[in-house]
Amino acid sequence: PKRVFSGIQPTGNLHLGNYLGALKKFTTLQNDGWDCVFCVVDLHAITMPFDQSQLANQTRQIAAAMMASGVDPDKSVLFAQSSVRVHTELTWIFDSVARMGWLEKMIQFKEKSGKDAERSSVGLFNYPVLQAADILAYKATHVPVGEDQRQHLELSRDIADRFNRDYGAPGFFPLPEALTEGPGARIMSLKDGTKKMSKSDPAENSRINLIDDADTISRKIKKSKTDTLGDVPSEIAGLEGRPEVANLVGIYGALAGMTDEQVLAEYGGKGFGVFKPALADLAVDHLAPITTRMRELMDNPHEIDAALRIGAERANAIAEPIMEEVRQTVGFWRP
Ligand code: ATP
Ligand code: MG
């Protein structure tokens, strides 16, 4: 049986990259009838410095964004990671399956720890093992994520495979597949076309937040970095060496449901003074209903809390029996 799992960290304001790379796909999969489990991964969020007074509210905000963009808590399981114990328990089992050398190759750890890996939390290093536990606690087979998570998904497959072999349980865990295809899998920063758009980027102008109002979105797009060539190129080859322009064209296409070729056919030869306002209007049209619904949900968070409570019970009902099989498979004493 096929099952989808994906998570989003409550680490800051959700942005257009999260929406196009992840959220938008969640709704599509759910409405196509997939068995979906979506999680606000608050255990991941504490691996870097964070604000304790904001954590619970940030968690609600991610849940609100999922609901506002179309995740229906009656159809999909929607919950907070820390409310289901299996995630941490399975992480420990997987810590004994994964190898140091596998984790040492992880690019996200290198990027997030920067020059000071020695001072990073052990949790940040262990992050991809927790991620494997998140997915495999539900025996999920498919994981809709942005391009940046591909390497972690490979690691999840390695862990699942190694567990199945080491503990003589062939086929116990599925080897989960990343669903990263489609436009919007890698949206770049508005200030640097070689860096991905991120919640944790300190530069506010680097991203379009889902909660930005129309004026803010327009201003950020108009001020986004381009280059001195001035015009949108007419052919794909013209995007080469112009990462910021390629990114804006990609965002336009992802929002409008057009290929890059189609966008260039429409805007090729036009100046950014024409293209940027068109892109801003498109982004505003697309995001405004989501923003409005998010604000409504956050104004009175009872609906969110109720959804997360029921989601935790449903998630636990799936994960606990799988975890019990894991305990037996490993060979622990059972009462
Ligand atoms: P942080 O900087 O705290 O890691 P983030 O922006 O990377 O935040 P995550 O919560 O780590 O957000 O990721 C949530 C989902 O959004 C993941 O599926 C991830 O692959 C996807 N995602 C994140 N950034 C982008 C991006 N720039 N383009 C496309 N998808 C993205
Ligand atoms: Mg991230």
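Read-outs: derived from the displayed coordinates by stated rules, not from any lab. Computed from a predicted model, the values in this text were never measured in an experiment. Reconstructed Cβ throughout: ideal geometry from the backbone, glycine too, with neighbour counts over all protein chains shown.
Out of all the residues in region 112-150, which are in contact with a strand residue (DSSP E or B) (Cβ under 9 Å, 6 or more places away or on another chain) and within 13 Å of ligand 1 (Cβ to nearest atom)?
GLN131, ASP134, ILE135, HIS142, VAL143, PRO144, VAL145, GLY146, GLU147, ASP148, GLN149, ARG150
I'd like the residue in region 156-178 that is aliphatic (A, V, I, L, M) and crowded, with 19+ Cβ neighbours inside 10 Å and, out of all such residues, is nearest to LEU16 (Cα to Cα).
So the residue we want is ALA178.
For region 217-259, how many residues are part of a helix (DSSP H, G or I) and buried (at least 16 other Cβ atoms within 10 Å of the Cβ)?
The qualifying residues number 20.
Is region 121-138 home to any residue that is among the hydroxyl-bearing types (Ser, Thr, Tyr), away from ligand 2 (no atom under 11 Å from the Cβ) and closer than 16 Å to GLN9 by Cβ?
Yes, the conditions are met somewhere in region 121-138.
So which of ILE221, ILE187, ILE208, ILE217 ends up being within 8 Å of ligand 1 (Cβ to nearest atom) and touching a helix residue (DSSP H, G or I) at 6+ places or on another chain (Cβ under 6 Å)?
Unique residue meeting the criteria: ILE187.
Given LYS112, LYS195, which one is without any contact (Cβ under 8 Å) to a residue 60 or more places away in the chain and not β-branched (Val, Ile, Thr)?
LYS195
Within the set of pairs 6+ apart or on separate chains, which have a first residue in region 1-30 that is under 11 Å from LEU210 (Cβ atoms), a second that is aromatic (Phe, Trp, Tyr), and C-beta atoms under 6 Å apart?
Close Cβ pairs satisfying both conditions: none exist.
Please enumerate the residues belonging to region 190-200 that are within 19 Å of THR226 (Cβ to Cβ), within 13 Å of ligand 2 (Cβ to nearest atom) and either surrounded by 18 or more Cβ atoms within 10 Å (Cβ to Cβ) or hydroxyl-bearing (Ser, Thr, Tyr) (or both).
If the condition is that a residue be within 19 Å of THR226 (Cβ to Cβ), within 13 Å of ligand 2 (Cβ to nearest atom) and either surrounded by 18 or more Cβ atoms within 10 Å (Cβ to Cβ) or hydroxyl-bearing (Ser, Thr, Tyr) (or both), then LYS196, MET197 are the ones that fit.
For PHE109, work out the one condition from (1) more than 20 Å from ASP161 (Cβ to Cβ); (2) away from ligand 1 (no atom under 16 Å from the Cβ); (3) touching a Pro at 6+ places or on another chain (Cβ under 9 Å) it doesn't fulfil.
All conditions pass for PHE109, except number (2).
Are there any pairs with C-beta distances below 7 angstrom linking a residue in region 234-249 that is more than 13 Å from GLU261 (Cα to Cα) to a residue that is basic (Lys, Arg), with the two at least 6 apart or on different chains, and if so which?
Partner pairs satisfying both residue conditions: GLU244/LYS225.
Here is a check on your reading of the model: is PHE38 free of Cβ contacts under 8 Å to residues at least 60 places away in the same chain, assigned to a strand (DSSP E or B) and buried (at least 21 other Cβ atoms within 10 Å of the Cβ)?
Here the answer is yes, as PHE38 does meet what is asked.
Wholly within region 64-151, which helices (runs of 4 or more DSSP H) include no fewer than the required count, namely at least 3 residues that are surrounded by 15 or more Cβ atoms within 10 Å (Cβ to Cβ)?
Result: 86-95, 107-113, 122-136.
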